[in-house]
1. Looking for something more than 20 Å from B:SER116 (Cβ to Cβ) and among the hydroxyl-bearing types (Ser, Thr, Tyr) - is there at least one such residue anywhere in segment B:24-34?
2. Just to be sure I understand, how many residues within segment A:154-174 are in contact with a Phe, Trp or Tyr (Cβ under 9 Å, 6 or more places away or on another chain), part of a loop (DSSP other than H, G, I, E, B) and acidic (Asp, Glu)?
3. Does at least one position in segment A:35-45 carry a residue that is within 30 Å of A:GLY103 (Cβ to Cβ), assigned to a strand (DSSP E or B) and free of Cβ contacts under 8 Å to residues at least 12 places away in the same chain?
4. Quick one: how many residues across segment A:14-28 are modelled with pLDDT of 95 or more and open to solvent by 40 Å² or more (accessible area, probe 1.4 Å)?
5. Go through (1) at pLDDT below 95; (2) open to solvent by less than 30 Å² (accessible area, probe 1.4 Å); (3) more than 26 Å from B:ALA67 (Cβ to Cβ) for A:ASN122 and report which single condition fails.
6. Can you find a residue that is facing chain B (nearest Cβ under 10 Å) and either assigned to a helix (DSSP H, G or I) or open to solvent by 20 Å² or more (accessible area, probe 1.4 Å) (or both) anywhere in segment A:129-137?
7. I'd like the residue in segment A:53-97 that is open to solvent by 40 Å² or more (accessible area, probe 1.4 Å) and part of a strand (DSSP E or B) and, out of all such residues, is farthest from A:ALA128 (Cα to Cα).
8. Mind counting the residues in segment B:159-179 that are touching an Asp or Glu at 6+ places or on another chain (Cβ under 8 Å) and more than 7 Å from chain A (Cβ to nearest Cβ)?
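The values are calculated or read from the model by the stated rules, or taken from the named source; none is laboratory data. Quantities reported herein were computed from a predicted structural model and do not represent experimental measurements. Virtual Cβ from ideal backbone geometry, glycine too; neighbours counted across all protein chains shown. Just so you know, the surface numbers come from the protein's heavy atoms only, side chains and all, with ligands and any DNA or RNA stripped out. Shrake-Rupley method; radii C 1.70, N 1.55, O 1.52, S 1.80 Å.
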Number of protein chains: 2
Amino acid sequence: MSQKPQIKACREVARSRLFRVEELELKFSNGVERTYERLGSFGSGHQAVMVVPLLDHNRFLMIREYAAGTEDYQLTLPKGLVEPGESLAEGGNRELKEEVGVGAKQWHYLSEFTLSPNYMRNQIHVMAAKDLYEERLEGDEPEPMEVVEWSFDRLLELNEREDFSEARVLAALFLVKEKLQSGWLKETND
Amino acid sequence: MSQKPQIKACREVARSRLFRVEELELKFSNGVERTYERLGSFGSGHQAVMVVPLLDHNRFLMIREYAAGTEDYQLTLPKGLVEPGESLAEGGNRELKEEVGVGAKQWHYLSEFTLSPNYMRNQIHVMAAKDLYEERLEGDEPEPMEVVEWSFDRLLELNEREDFSEARVLAALFLVKEKLQSGWLKETND
């Protein structure tokens with residue numbers, strides 16, 4: 001395994017309300033020098049969490065939300081930033097209540113994902129939530145979100161849909177499916 | 001399904017060599033108005049392609065590459081920008097030769113992924129490549145990449161590794177695994 005390149009300099013080269021671009025001067029262990037750009041975290045550096053809300057061992061809930069990047073509605077999972085003082089499960093539960101209108105009694109940690117680690121620091125924690133109950137919290141969403149029930153035996157069909165494209169959502173769903181097939185959460189009641 | 005919000009204004013608010021930040025003024029169909037920020041494409045707007053290089057119906061090749069965003073080496077799949085005049089398969093084959101040291105005779109389209117469609121336009125095409133042959137092309141990589149063989153029956157183990165985190169790579173691998181289990185590519189020889 002290679003020795004990490006040395007970071008000879010790191011400076012901010014652009015900034016907006018949400019985004020910060022940094023320029024890195026790197027020297028690789030073979031002597032090659034390169035200048036890279038990367039994004040600082042968006043969303044103020046807080047931790048982010050994405051939730052797979054499970055109805056049972058096959059069915060889960062998704063939301064349909066407007067995505068400003070691609071300018072269209074997208075089927076996705078509830079997610080958001082964890083606020084100061086919240087645990088990941090507490091932040092996830094608040095987002096669930098705001099976006100789906102349910103809370104969850106059981107929380108199980110799954111993974112931490114990066115989006116494009118060559119260009120971004122951004123990471124998101126992924127949790128599965130079980131034992132759902134109805135409870136709605138008022139969030140900062142501009143409009144109510146449609147809630148859609150889907151199932152793990154239809155993930156290839158989900159991938160084919162025009163209104164679905166988000167890699168981290170697909171990764172989270174396949175991960176839960178494979179873990180459930182391997183006996184995960186078997187000890188809990190269904 | 002909701003009517004799309006109206007984009008009342010879109011202006012550039014920050015720019016660097018690779019990144020461009022846009023501010024959008026949106027009016028949702030219920031009358032609520034919001035100002036969002038999003039990233040324009042990084043990498044000059046060219047199409048991007050990520051490749052799953054298949055050795056057989058269980059084994060595939062990965063690379064270990066330095067990721068400037070997270071400042072460490074990451075297990076990932078070969079990927080890059082498609083150059084003008086190249087098809088997706090031609091761009092994928094060039095990246096394979098540069099990063100892995102193999103080409104592929106058979107190319108199969110899988111999907112188009114977004115990373116964070118709320119905040120970015122970026123999309124990447126995913127292709128599976130079969131019938132590999134040895135051929136190395138000189139790319140713009142700062143150092144040679146370690147090539148690692150992995151298998152579809154060890155994806156949960158991959159997800160647990162410290163040097164693996166990239167959601168789009170995990171999504172692509174699970175997608176190929178599930179499609180292979182559903183009889184995909186069965187018509188070709190192994």
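1. Yes: one or more hits.
2. Looking only at that region, the number is 1.
3. No, every residue in segment A:35-45 fails to be within 30 Å of A:GLY103 (Cβ to Cβ), assigned to a strand (DSSP E or B) and free of Cβ contacts under 8 Å to residues at least 12 places away in the same chain.
4. 2
5. (3)
6. Looking through segment A:129-137, none of the residues is facing chain B (nearest Cβ under 10 Å) and either assigned to a helix (DSSP H, G or I) or open to solvent by 20 Å² or more (accessible area, probe 1.4 Å) (or both).
7. Across segment A:53-97, the extreme among qualifying residues is A:ASP72.
8. Residues flagged as touching an Asp or Glu at 6+ places or on another chain (Cβ under 8 Å) and more than 7 Å from chain A (Cβ to nearest Cβ) within segment B:159-179 amount to 1.
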